[in-house]
Amino acid sequence: IASGIVVALVAPPLPVSGGSRCPRLPFGLCPRLWDSDHRPEHEVDDVAIYGDLAGRREHWPRWLLVCSVVSGLAGLGGSSVAARLALALCSGAGIGAYVSLEVFPGYAAMQAAVGLATCLCLAVLAVVHAPGLAPAATPAFSALVALLPLSLLLTFAWPPPAPWAEDAASPDPRLHVDAERDAGTDARAGVLVIHCCYALAVAFSAKLRRRRKGRTPVGGGPSASDGAASRIGNVATVEAFLLCLSLFRDAGPLGRAYSVFALCPVLLLLNLSEGRRYAPVAASVPLVLTATAFAEVFAGGTGARGAIGNLLGILVTLPNHLEFVKFLWAGGRRRAG
């Protein structure tokens, strides 16, 4: 039943022969992906509008998503850790292949890096919930974190191929609509988005494990496995928060500063005690705003009057924010005296 639901929702191309029209199937399923001339029907309009950049939009990679979801669902009911890990790796390989083909077409080096990162992420998700095996997820998670700077360096060492490079001599202007796009910047932004999503998935998984453990009546304090899962979740949460902030670096000074109001709830995924969980959220807002103000002052973009105003505003408001954060970190208990 689950496999059928996944196929219906993802709607991959079905190998049905005969006819060029889509039959009336539920959920918008269409086994025909070409017209009467046996050409993919998306090419006629998409190439005229977007050029050859749309040539990669084939639909067969959707079957990778179907296989990945089915493997992931099978891994949830796996009895042994080895079976769960094997199914998680299969699921990660499928998702990584789909993401790399869609985000980095023709960029083999980055496709391999994204596939490896996806396998590591799924391995961490599979092991972190296994009883007593959370410490085994630490090496895989460390490799996942280390893969981020390596992937960014990869975009400089082996730049992605320019999508218009092969047709640079063509007189047809339709094929050069995106010729001004910086392929390297797009590749780095794609790496940041992918690793941000993986960090959020790991942080949310560790948070669910802590919540489930907290509802289970187990005697004694937290075990080494619980501590390892909490540390993994905390590092993943901080990484996701920093990556989200970095993705707003091109939004202008106001966009970079005010984005923290929308992003600070991510820090609620930190594995802290119930009384302290709001302290990082409250601390992140003045910290980011203060850092942005200092950056504007030192950059000289605000002028003398603006610099004095920013400094005075920081001196007036920052002590109150610090006291409020201390109050939250103490669990909302007022200190005597």
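So the values come out like this:
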{"read-out": "Residues (assigned to a helix (DSSP H, G or I) and open to solvent by 30 Å² or more (accessible area, probe 1.4 Å)) located in the range 278-296", "value": "Ala283, Leu287, Leu289, Ala291, Phe294, Ala295, Glu296"}
{"read-out": "Condition broken by Ser71, with the remaining ones in (1) touching a residue at least 60 places away in the same chain (Cβ under 8 Å); (2) surrounded by fewer than 23 Cβ atoms within 10 Å (Cβ to Cβ); (3) closer than 21 Å to Ile194 by Cβ satisfied", "value": "(1)"}
{"read-out": "Complete set of residues in the range 240-277 that are open to solvent by 30 Å² or more (accessible area, probe 1.4 Å), out of contact with any Ser or Thr (no Cβ under 8 Å at 6 or more places or on another chain) and modelled with pLDDT of 90 or more", "value": "Leu242, Pro265, Leu268"}
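The values are calculated or read from the model by the stated rules, or taken from the named source; none is laboratory data. Values in this document were obtained by computation on a predicted structure and should not be read as measured data. Because the Cβ atoms are built from the backbone with ideal geometry, glycine has one as well, and the counts that use them run over all protein chains shown. Remember, those area values only see protein heavy atoms, side chains included, never the ligands or the DNA or RNA. Shrake-Rupley method; radii C 1.70, N 1.55, O 1.52, S 1.80 Å.
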